[in-house]
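Below is one structure; the comments refer to it alone.
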Amino acid sequence: MDIQQAKFEYLLRLGDSSLIIGHRLSEWCGHGPILEEDIALINIALDFVGNANSLLTYAAQVEGKNRTADDLAYLRNERDYRNLLLTELPNGDYACTLARQFLYDVYTFYLYEALKNSKDDTIAAIAVKSHKEITYHLRHTTEWIYRLGDGTAESHQRLQTAFNDIWMYVPDLFDMDAVDQLLINEGIAVDLDSIKNSWNKRVNEVILEATLLIPTTAIKQKGSREGKHSEHLGFLLAEMQCIARSYPGATW
């Protein structure tokens, strides 16, 4: 695999994760627990979709096969997607959404902070813009973790259950392969081992301060980098891609 191929694969991993988590959050439109939170979640979803558009546009350029960001978003099957498994999990109740989002926000906070130093100027520029948005995302979800964890007995239990249920997907966040290693050597990608300690420290501090227990599990779900996904992604893509596939080439 040459550098261009590896870079294309890496951009898909970043862009697909943003696109899928953005879609998941958009499903809360009109269903948020309060009006202010409904609006906040949709704004966060738009940030992720905007980030995905930038990354997938650049991925299409790197690939050099005359595909566009829309082609990559709407005309690939689930096995061609490289999004993190955590991002495709169903929303569940509000505690489930916030637990998922918190773990992902901490991850992207440190990931994009490191990507600002990428030797690829376009990736670095995208990271600079995105990190500003992610800083807000993380503050927002952290406040809700405190609120629910140290709230009522029911909110505490729902949030603890949510963390327990999704903890098996944490290993997928830090999984690396030959693509990562090649681009790390070139100063383009981030060595995920270098941010894992920061992620663990931040996550553990917030969970404990929210009067919750840090989950443990022997189950480790991985495979997103190989296009191996849960059954949830296929249903998500069927909904997200429906119009584009039903009316090929349509513009509006």
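The numbers here are math on the coordinates, done by the rules we state, and not lab data. Nothing here was measured: the structure is a model prediction, and the numbers come from that model. As a convention, Cβ positions derive from the backbone with ideal geometry for all residues, glycine included, and neighbour counts pool all protein chains shown.
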Relative contact order %, the chain, counting alpha carbon pairs below 8 Å whose residues are six or more apart: 25 percent
Output the 0 to 90 degree angle, nearest 10, between the alpha-carbon long axis of helix 94-115 and the longest principal axis computed from the alpha carbons of the chain. 50 degrees
Please get the size of the charge dipole for segment 147-197, origin at its Cα centre, with Cβ charges of +1 on Lys and Arg and -1 on Asp and Glu, quoted in debye to the nearest 20. 340 debye
Step through the residues of segment 117-123 one at a time and calculate ³J(HN,Hα) from phi using the Karplus curve (6.51 cos²θ - 1.76 cosθ + 1.60, θ = phi - 60°), rounding each to whole Hz and writing x for Gly and Pro. 9, 4, 6, 8, 4, 5, 4
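With Cβ to Cβ distances under 14 Å as the rule, what net charge do the other residues near Asp121 carry (K, R +1; D, E -1)? Can you show the working numbers first?
Values: positive: Lys7, Lys116, Lys119, Lys129; negative: Asp120, Glu186.
Taking every other residue near Asp121 into account, the sum is +2.
Above 21 angstrom, tally the Cα pairs of segment 134-235 and express them as a % of all pairs, no decimals.
Working: 2508 of 5151 pairs.
Of all Cα-Cα pairs in segment 134-235, 49 percent lie more than 21 Å apart.
So what's Rg/Rh here for the chain, counting alpha carbon atoms and using the Kirkwood radius for Rh?
Numbers: Rg = 17.7 Å, Rh = 18.6 Å.
My calculation of the ratio gives 0.95.
Taking the Cα centre as origin and putting +1 on Lys and Arg beta-carbons and -1 on Asp and Glu beta-carbons, what dipole magnitude results for the chain, to the nearest 20 debye? Working shown, then result.
Numbers: 24 positive and 36 negative charges, 53 e Å.
Its charge dipole is roughly 260 debye.
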Report, to the nearest 10°, how far helix 153-166 tilts away from the longest principal axis of the Cα atoms in the chain, using its own Cα long axis and a range of 0 to 90°. 30 degrees
0 to 90° range, to nearest 10: angle between helix 35-63 axis and the chain longest Cα axis: 30 degrees
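What pairs from Lys7/Lys116; Lys196/Lys220; Lys7/Lys119; Lys129/Lys201; Lys7/Lys65 go past 18 Å between their alpha carbons? Display every interim value, and only then the final one.
On the way: Lys7/Lys116 16 Å; Lys196/Lys220 16 Å; Lys7/Lys119 12 Å; Lys129/Lys201 25 Å; Lys7/Lys65 14 Å.
The pairs that break the limit, which is 18 Å between Cα atoms, are Lys129/Lys201.
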